[in-house]
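Novice: Quick one: the structure is below, and I'll ask about it shortly.
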Amino acid sequence: MMLAAPETLSHVAVIGAGTVGSSWATFFLARGLGVTVWDPAAGFEVRVKSYIERAWPVMQRLGLSAGADSARLRFAETAAQAVAGAAFVQESAPEDTAIKRALYAEVDQALGPDAVLASSSSGLLISELQKGWRSAPRMVIGHPFNPPHLIPLVEVVGGPETDPRVVDWSIAFYKSLGKPAIRLNREVTGHVANRLQSALWREAVHLITTGVASAADVDTAIAYGPGLRWALMGQTMVWHLGGGDGGMARMFEILGPAIQSWWDDLGTPDLTPEVKATMVAEANAAAGGQTIADIARRRDELLIGLIETLGSIRGQLGPGVP
Ligand SMILES: NC(=O)c1ccc[n+]([C@@H]2O[C@H](COP(=O)([O-])OP(=O)(O)OC[C@H]3O[C@@H](n4cnc5c(N)ncnc54)[C@H](O)[C@@H]3O)[C@@H](O)[C@H]2O)c1
C-alpha cells in the first residue's frame with residue numbers, strides 16, 4: 001500500500017448523497033478538490049447541485065481554498081464508476097449495516113489498491129462494515145457532525161482489519177482540509193461526540209421530566225453558560241483551568257467530592273412513551289411559537305458568525321484547543 005500524501009489529492013468521491021453526502025460534496029469542493037458523486041436515487045444530480053448552489057455563498061463567506069470551484073462537480077452512473085481512480089471516498093449511504101455492506105460489495109473491486117474509504121456512519125461498527133472485503137485494511141469511520149460543510153469535527157476510528165497507517169492518513173487528510181479530526185483508539189457505539197451529547201441530554205431529560213426545570217430553562221442553562229466555553233474547549237480543559245495555577249490536580253481538591261456527589265445523583269431516565277410525550281410538549285413550549293424553519297434559520301445565521309469568529313481566534317488558544 002502506497003498512500004498518497006494527503007495534501008496532494010486533487011479529487012475525491014462521495015457515494016450516497018442525501019443530507020450528509022451533499023454537504024460533504026460542498027465541503028470538498030470548497031477546499032479546492034474535484035468531487036465525483038453517486039447516489040442511487042433518481043434525479044439525485046439536480047438535488048445535489050441545488051444543495052451546493054444554496055450552500056456556496058456561505059462557503060465563499062467563510063473562505064474558499066485556492067482553486068475551489070463548484071463546477072468541479074461530476075456525477076457517476078454507478079458506485080463503482082464513482083470510486084474508480086479516487087484516492088479517497090466518503091461514503092454517506094443510509095445508516096444500515098446491510099445497505100452499506102451491499103454498497104461495499106459493489107465498490108470493493110473498483111477501489112484502487114491505495115484508496116481509502118471513510119464511512120460517515122453515526123453509530124455502526126467499522127468492524128462489521130469492513131468484514132471480508134479486499135479493501136478492508138483501507139476502511140475507516142470518518143464521522144462528521146451535520147452539516148460537515150459547516151461543523152468542523154470528524155471522528156476517525158479503524159476496525160480490527162484497518163491498517164493503522166490508514167487511520168493516521170485519514171486524520172492527516174481531514175486536517176489538511178482544516179477539519180480537527182479526532183482519533184478513537186477503539187470502536188465504540190456512537191463514537192465520542194454523540195455519546196457526550198447523549199450523556200448531557202440524559203440528565204436534561206431527567207431534570208425536565210422530574211420537574212426541576214423547564215426545557216427552555218435547561219437549554220438556556222447550556223447555551224448561556226457552559227455551552228459558551230464548550231465552543232472553545234472541552235470540559236477537561238475547562239476544569240484544568242478551574243483549579244487555577246494547580247490545574248486539574250488542584251481542581252480535584254476543590255471540587256472533587258462535589259463532582260462525585262453530583263455523579264452519584266445523576267438521573268438515568270428511559271425513553272418511555274410518557275417521557276417522550278413530556279419532552280415533545282416541552283420542546284414545543286420551548287420553541288415559543290417559532291416554527292422549525294425559523295429556529296433553523298436563526299441557528300444557521302448564528303452558527304456561521306460563530307464559526308467566523310472562532311476561525312479568526314483558533315491557533316491562539318493553545319493545547320487542548322484544535
Ligand atoms: N443526518 C445527520 O445528522 C448525520 C450526521 C452524521 C453522520 N450521518 C451519517 O451519514 C449517513 C447518511 O445519513 P443522511 O442523514 O445523509 O441520510 P439521508 O437519508 O439523507 O441520505 C442517504 C442517501 O443514501 C442514498 N442511498 C439509498 N440507498 C443507497 C445505497 N444502497 N447506496 C448508496 N446510497 C444509498 C439515498 O438515496 C440518500 O440520498 C448515515 O450513515 C448517517 O449515520 C448523518
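Novice: Using Cα centres only, tell me the gap between the range 68-93 and the range 173-245 in whole Å.
Specialist: Using only Cα atoms to place each centre, the spacing works out to 34 Å.
Novice: Which aspartates and glutamates have a Cα lying under 20 Å from the Cα of residue 276, excluding residues fewer than 8 positions away in the same chain?
Specialist: 203, 217, 219
Novice: Work out from phi, with θ = phi - 60° and the Karplus expression 6.51 cos²θ - 1.76 cosθ + 1.60, the ³J(HN,Hα) of each residue of the range 18-33, listed in order in whole Hz, and give x for Gly and Pro.
Specialist: Karplus-based 3J(HN,Hα) across the range 18-33 equals x, 4, 7, x, 5, 5, 4, 4, 4, 4, 4, 4, 5, 8, x, 9 Hz.
Novice: Rounded if a/c is under 1.5, else prolate if a/b beats b/c, else oblate: with a ≥ b ≥ c from the C-alpha gyration tensor eigenvalues square-rooted, which is the range 147-245?
Specialist: Taking the square roots of the gyration eigenvalues as a ≥ b ≥ c, the range 147-245 is prolate.
Novice: Could you tell me what fraction of 2.2 N^0.38 Å the Cα radius of gyration of the range 193-289 comes to, as a two-decimal ratio?
Specialist: For the range 193-289, the normalised Cα radius of gyration is 1.25.
Novice: I've got another one for you. Where Lys and Arg each count +1 and Asp and Glu each count -1, what net charge lies around residue 286 among other residues with Cβ under 15 Å from its Cβ?
Specialist: Result for the neighbourhood of residue 286: -2.
Novice: If you line up the long axis of helix 273-287 against the longest principal axis of the chain, both from Cα atoms, how many degrees apart are they, to the nearest 10?
Specialist: 90 degrees
Novice: Let me ask another. For the range 6-183, state the average projected area of the convex hull of the C-alpha atoms over all orientations, rounded to one decimal in nm².
Specialist: 8.7 nm²
Novice: Calculate one ³J(HN,Hα) per residue across the range 66-80 by plugging θ = phi - 60° into the Karplus curve 6.51 cos²θ - 1.76 cosθ + 1.60, and present them in order as whole Hz with x for glycine and proline.
Specialist: These are the phi-based 3J(HN,Hα) values: 4, x, 5, 7, 5, 7, 7, 9, 10, 10, 10, 8, 9, 5, 4 Hz.
Novice: Here's something else I'd like to know. Taking amide H atoms as placed 1.01 Å from N in the peptide plane, list the residues 5 or more away in sequence, or in a different chain, whose amide H sits under 5 Å from that of residue 119.
Specialist: Excluding prolines and chain starts, which carry no amide H, the hits are 91, 140, 141, 142.
Novice: Under 5 Å between amide hydrogens, which residues at least 5 positions from residue 75 or on another chain qualify, with H placed 1.01 Å from N in the peptide plane?
Specialist: 37
Novice: Still on this model: Mind giving me the nanometre distance, one decimal, between the label points for residue 248 and residue 78, set 7 Å out from Cα along Cα→Cβ?
Specialist: 5.2 nm
Novice: Right, something else. Which net charge results when you count Lys and Arg as +1 and Asp and Glu as -1 among the other residues whose beta-carbon is under 15 Å from that of residue 235?
Specialist: Within the 15 Å Cβ shell, the charges total +1.
Novice: In addition: Describe numerically, in nm with one decimal, the distance between label points set 7 Å from Cα along Cα→Cβ at residue 277 and at residue 302.
Specialist: In this crude spin-label approximation the distance works out to 3.1 nm.
Novice: Could you work out the equivalent-ellipsoid semi-axes for the chain, taking the square root of 5 times each eigenvalue of the Cα gyration tensor, largest first, in whole Å?
Specialist: Calculated on Cα positions only, the semi-axes equal 36, 23, 22 Å.
Quick note: the coordinates plus some simple rules give every number you see, no bench work behind them. In this text the structure is predicted, and so the values were computed from the model without any measurement. Note that we place each Cβ from the backbone using ideal geometry, even for glycine, and neighbour counts take in every protein chain shown.
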